[in-house]
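Bear in mind these aren't lab numbers, they're just calculated from the coordinates by the rules spelled out. Since we're looking at a predicted model, the values are computed, not measured. Here the Cβ positions follow ideal geometry from the backbone for every residue, glycine too, while neighbour counts run over all protein chains shown.
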Amino acid sequence: MEYLLLIYIEGEADPAGPGDETAAAFAKYSQDLVEAGAMVGGDPLQPPSAATTVRAGGGQTITSDGPFAETKEWLGGYYKIDVETLDEAIEWAGRVPSLAHGGSIEIRPLAPMPTGAPSTT
């Protein structure tokens, strides 16, 4: 089953990006996923200040800068993994390097695409 591991970071985004130690830890974690055959994909995300939110209202599309909601945590990236059980997904989520610095990992199973919709995998 495929799952998204949504990586939420606590605090403000560092404009310089992750330090060398954090980057190395994520590289190692990513390699571990690949070697286990669990990695489907994943990417870091730009900080919330780079976000654009789109809403519909009154028959118009309305855009605004930044995230939709003010929160103490922000979505910093994701991994898409393919493992047999939720327990395996939980095990992988517990190894995400950013957990050592706070934040959280949301595990979300992927739903099947509606009939006739193109799949990206």
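A few points about this structure:
- Candidate values (1) 0.99; (2) 1.01; (3) 0.96 were compared with Rg/Rh (Cα atoms, Kirkwood Rh) computed on the shown model; the agreeing label is (2).
- Extending 7 Å from Cα along the Cβ direction at VAL54 and again at MET1 yields two label points whose distance is 3.0 nm.
- The trypsin sites (Lys or Arg not before Pro) of the stretch 27-88 that DSSP puts in a loop, and whose beta carbon has at most 15 other beta carbons within 10 Å, are LYS72.
- As a length-normalised measure over Cα pairs under 8 Å and 6 or more apart, the relative contact order of the chain settles at 46 percent.
- Antiparallel bridge percentage (DSSP; both residues within the chain; nearest 5): 95 percent
- Derived scalar couplings ³J(HN,Hα) [the stretch 48-65; Karplus, 6.51 cos²θ - 1.76 cosθ + 1.60; whole Hz; x for Gly, Pro]: x, 4, 8, 6, 10, 9, 10, 10, 10, x, x, x, 10, 9, 10, 10, 9, 6
- Projecting label points 7 angstrom from Cα along Cα→Cβ for MET113 and ILE62 puts them 3.2 nm apart.
- Each peptide in 40-52, 104-116 gets a packing score, the mean of other Cβ atoms within 10 Å over its residues, and the list from highest to lowest is 40-52, 104-116.
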